[in-house]
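Below: one structure, written as structure tokens.
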Amino acid sequence: MSENIKRKILRKYIKHAAEVSDRSYDEIEADMFNLKRQYNVSFYRYAAHHMYNLRYGELKVRYGGVEDPDVALVAELRGMSYEKARAIMDRLRDKYGIMYKEFTANKMFRYTDNDDLKKRVKKYLDNEQKYVKEISTDSGWTPEKSRREAHRAKMRFGVTTRQYSRYRFYAMSDEEIRAKMRRWTEDSKRYVSIVKKESGWTGKQVRAHMKRYGVLYDIIKPYYVLYRAWELSDEEMDSYARQKNSETIWSKHNDKAQCRILAEKHRFDEMYKDYTGRKFWVNRDTDFDEFSEFVDGVEYVFCKPIESGGGLGTEKHKVEDKRALYNMLMAKERLLVEECIKQHPEIDEFIPGCVCTIRVVVIRQGDTVHTICAGMRFGHTTITDNFSHDGMVADIDIETGTIITDAIDKKGHIYDVHPVSGKRFKGFKIPNWDKVREVTEKAMFVQDGVNYVGWDVAVCEDKAVLVEGNAMPDLVLIQAPYAPEKKGMKYLFTPYMEDK
């Protein structure tokens with residue numbers, strides 16, 4: 001066969017692969033030549049085995065002799081050889097595009113019967129369609145474009161469709177996605193380094209154990225470090241409250257469409273205005289007169305980017321020159337601008353100028369509202385109290401409103417007093433606790449279908465007000481204060497995971 005004919009056939013392979021995989025011609029061509037050069041995988045084999053549906057990093061694992069941690073874990077859990085475990089996982093990856101990490105995250109290793117595995121795969125594919133629908137709804141793309149872009153991100157960056165939807169990757173450029181993935185990788189390396197130093201384990205041992213507890217008990221790396229999970233037995237780890245528990249309750253008790261309002265800050269302020277106790281303004285589709293009316297009589301405003309969370313990008317400004325402030329705010333991305341909350345002076349003593357909020361996790365069953373738990377967050381070095389950004393949390397007795405633990409930060413540092421003021425945490429009685437309970441219970445009746453919420457509440461001198469609502473609250477805020485005692489708190493949530 002002449003070289004010219006060979007090149008024509010090769011171009012045909014690449015063109016076909018690009019059409020059916022939604023990847024670019026250049027990407028597939030590069031993968032084919034790299035595999036041929038490094039591992040002697042023929043072009044025909046690449047096309048015949050649908051390898052264009054795999055990222056090059058995954059192909060290196062298959063053909064380069066690199067041991068994949070997900071495959072190694074499945075081999076351990078199933079009591080089989082690494083090669084056999086990989087063969088099982090490869091079949092699903094080749095046929096359905098299920099990455100190794102998706103195989104373990106969806107716990108497909110538990111299904112030894114083929115019929116049961118097929119049902120689990122069908123559930124995975126159904127969920128893929130659900131995430132595509134979420135992307136389409138939120139982005140305005142057609143379902144076909146949503147599927148194509150999510151698949152492209154999986155091939156290029158290793159992003160699952162679920163991540164693509166939940167982390168709003170569809171609103172990011174490729175460079176922004178790369179930057180986020182780099183941050184995740186750097187964070188992962190940092191957590192591994194911390195555990196290596198604390199445990200004396202090798203990096204390989206740490207990564208394997210993190211993978212094991214991440215898959216079996218849904219413990220993400222930051223919380224693995226916070227809980228000192230390398231010191232816990234499987235039974236102890238299983239007793240810990242984690243985000244998967246919150247997700248289970250959310251899926252059983254909440255209507256996703258109704259809960260969307262909680263995630264959209266400006267819509268939340270409008271829907272729950274009877275319980276927020278403050279004015280607000282959005283720096284879009286407005287004019288100076290509306291802004292001037294909003295800030296009339298307001299001394300300070302607090303600004304939150306509408307598209308972010310976790311306390312990122314928050315700002316506080318004094319209202320002096322209205323026009324200058326208006327121009328500055330209008331030049332920024334979409335912001336929710338609120339009248340600053342003036343918190344109770346006893347709470348302000350902990351860290352003056354930072355509103356310290358209470359996370360109250362509540363569930364409604366019919367006409368009855370149950371308060372599951374409550375924790376108080378405190379800022380440390382910033383104007384926000386967010387736990388994921390240098391904040392601290394302490395547990396509250398829900399009957400008395402008294403703080404009953406020391407505070408702890410995300411790095412596992414324990415504080416009996418606030419490092420700024422020296423004010424003691426344990427034994428502090430939350431002012432207006434009856435009003436905290438009242439506002440969180442009444443707010444549960446604003447929307448039907450919103451039956452499980454983690455309310456963020458600020459306490460003022462004569463009232464308690466809602467700051468935000470979280471339809472799938474992170475349970476680390478109840479679990480973290482008990483991490484030093486190695487005490488699992490999942491039992492608080494188990495009753496609501498089992499019924500509807």
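Quick one: would you say residue 297 is surrounded by 14 or more Cβ atoms within 10 Å (Cβ to Cβ) and without any contact (Cβ under 8 Å) to a residue 24 or more places away in the chain? I'd like the intermediate steps shown before the answer.
Values: surrounded by 14 or more Cβ atoms within 10 Å (Cβ to Cβ): no; without any contact (Cβ under 8 Å) to a residue 24 or more places away in the chain: yes.
No: the conditions fail for residue 297.
Spot the failing condition for residue 61; the list is (1) part of a helix (DSSP H, G or I); (2) under 30 Å from residue 9 (Cα atoms); (3) at pLDDT 90 or above; (4) aliphatic (A, V, I, L, M), and only one is missed.
(3)
Taking the residues in the range 1-42 that are over 20 Å from residue 148 (Cα atoms) and polar (S, T, N, Q) as candidates, determine which candidate is farthest from the chain's Cα centre (by Cα).
Per the stated criteria, the residue is 2.
State whether one or more residues within the range 196-215 are modelled with pLDDT under 95 and either in the same structural domain as residue 369 (by TED's automatic domain parsing) or on the phi > 0 side of the Ramachandran plot (or both).
no
For the subset of the range 24-58 comprising residues that are part of a loop (DSSP other than H, G, I, E, B) and touching a helix residue (DSSP H, G or I) at 6+ places or on another chain (Cβ under 8 Å), which member is surrounded by the most Cβ atoms within 10 Å (Cβ to Cβ)?
Only one residue fits best here, namely 54.
If residue 126 meets every condition in (1) surrounded by 12 or more Cβ atoms within 10 Å (Cβ to Cβ); (2) modelled with pLDDT of 95 or more; (3) not basic (Lys, Arg) apart from one, which number is that one?
(1)
When you scan the range 150-175, how many residues do you find that are over 17 Å from the mean Cα position of the chain (by Cα), assigned to a helix (DSSP H, G or I) and either over 19 Å from residue 23 (Cα atoms) or not basic (Lys, Arg) (or both)? Give the steps one after another, and end with the answer.
Of all residues in the range 150-175, those over 17 Å from the mean Cα position of the chain (by Cα) come to 150-157, 173-175.
Keeping just the survivors that are assigned to a helix (DSSP H, G or I) gives 150-157, 174-175.
Now narrow it down to the ones that are either over 19 Å from residue 23 (Cα atoms) or not basic (Lys, Arg) (or both): 150-151, 153, 155, 157, 174-175.
Here the count works out to 7.
If we scan the range 142-163, do we find a residue that is more than 22 Å from residue 245 (Cα to Cα), loosely packed, with under 13 Cβ neighbours inside 10 Å and in contact with a helix residue (DSSP H, G or I) (Cβ under 7 Å, 6 or more places away or on another chain)?
yes
Exactly one condition in (1) assigned to a helix (DSSP H, G or I); (2) exposed (fewer than 14 other Cβ atoms within 10 Å of the Cβ); (3) aliphatic (A, V, I, L, M) is false for residue 66; which is it?
So the condition that residue 66 fails would be (1).
Filter the range 181-196 for residues that are in contact (Cβ under 8 Å) with a residue 12 or more places away in the chain and over 20 Å from residue 58 (Cα atoms); which is surrounded by the fewest Cβ atoms within 10 Å (Cβ to Cβ)?
If we take residues in the range 181-196 being in contact (Cβ under 8 Å) with a residue 12 or more places away in the chain and over 20 Å from residue 58 (Cα atoms), then 187 is surrounded by the fewest Cβ atoms within 10 Å (Cβ to Cβ).
The values are calculated or read from the model by the stated rules, or taken from the named source; none is laboratory data. Every value quoted in this text rests on a predicted model; they were computed, and no experiment measured them. Glycine gets a Cβ as well: all are built from the backbone with ideal geometry, and neighbour counts include every protein chain shown.
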